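Reviewing the structure listed below.
The values are calculated or read from the model by the stated rules, or taken from the named source; none is laboratory data. In this text the structure is predicted, and so the values were computed from the model without any measurement. Cβ: placed from backbone, ideal geometry, glycine included. Neighbour counts: every protein chain shown. All accessible areas refer to the heavy atoms of the entire protein, side chains included, with ligands and DNA or RNA removed. Shrake-Rupley method; radii C 1.70, N 1.55, O 1.52, S 1.80 Å.
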Amino acid sequence: GIMWSPWLDLTDSFSGTWTTNQDTDFLPRDWAYKFSMAYAGGKDRLAEASPGNVNLEGLPPLLVEVGDAECLRDSALVWVERAKAAGVDVEAVVSDGMVHVFPLFAIFANKDLPPHQSYERAASFVDKVLGVCSDSESLTSGELV
């Protein structure tokens, strides 16, 4: 699976990069809180509705991409470590200067910038998972975590 800027912990919209990246990311935490409440159906159901709280054993190989300037970076990387500890084959990439769902900005970006590189990594990841290329062929650019 491929996860771009995944929102995995609906209970948190104030710690870590939710605070430090508020001035660079376009995802305002007050809206995030309202969206999480609407999705979960109330404050008492946030933890239960959080995708990151499921049993991670048996998940397929995953590529997780986040921008270092996005609010969800910290919680996504914590989840990546949980997934690795559960035995999931996870490749995580943090792209410098990028905000939430940065690959969607590829239409506006030069081909040598992270939004396009993210699509290239996604294609390479799918090829690798499906056995189209060898493990020695690396994903391009970005910082593997």
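Candidates G52, G41, S75 compared by Cα position along the dipole of segment 29-97: farthest toward the positive end lies G41, with charges placed on Cβ. Residues whose amide H lies under 5 Å from that of M98, counting only those 5 or more places away or on a different chain, are D68, A69; hydrogens are built 1.01 Å from N in the peptide plane. For E65, the amide hydrogen comes within under 5 Å of the amide hydrogens of M3, W4, S5, V93, counting only partners 5 or more places away or on other chains and with H modelled in the peptide plane. Max-minus-min Cα coordinates of segment 41-88 on each principal axis give 31, 30, 14 Å, with the largest extent listed first. Once the 1.4 Å probe is applied to the protein heavy atoms, the chain comes out at 54 Å² accessible per residue. For L72, neighbours were defined as the other residues whose beta-carbon sits under 10 Å from its Cβ, and their charges (Lys and Arg +1, Asp and Glu -1) total -4. Roughly speaking, to the nearest percent, how much of the chain's 1.4 Å accessible area is carbon and sulfur? Exposed carbon and sulfur together represent 57 percent of the surface. Remark: segment 6-49 is approximated by an ellipsoid whose semi-axes, taken from the C-alpha gyration tensor as √(5λ), come to 20, 10, 8 Å, largest first. The listed peptides 90-103, 108-121, 51-64, ordered by packing as a protection proxy, come out as 90-103, 108-121, 51-64 (highest mean of other Cβ atoms within 10 Å first). For A122, neighbours were defined as the other residues whose beta-carbon sits under 13 Å from its Cβ, and their charges (Lys and Arg +1, Asp and Glu -1) total -2. Only lysines eight or more places from K34 in sequence, or on another chain, were considered; those with a Cα closer than 28 Å are K43. Stokes-Einstein, applied to the Kirkwood radius of segment 61-123 over Cα pairs at a viscosity of 1.002 mPa s and 20 °C, places its translational diffusion at 177 µm² s⁻¹. Its Cα gyration tensor gives segment 6-120 an equivalent ellipsoid. The semi-axes, each the square root of 5 times an eigenvalue, are 24, 20, 11 Å from largest down. Of all aspartates and glutamates in the structure, the ones whose alpha carbon falls short of 13 Å from that of K84, not counting any fewer than 8 places away in one chain, are E57.
222 nm [θ] for the chain, helices only, -39500 (n - 2.57) per DSSP H run of 4+, per residue, to 500?
Calculated from helices alone, the mean residue ellipticity at 222 nm is -10000 deg cm²/dmol.
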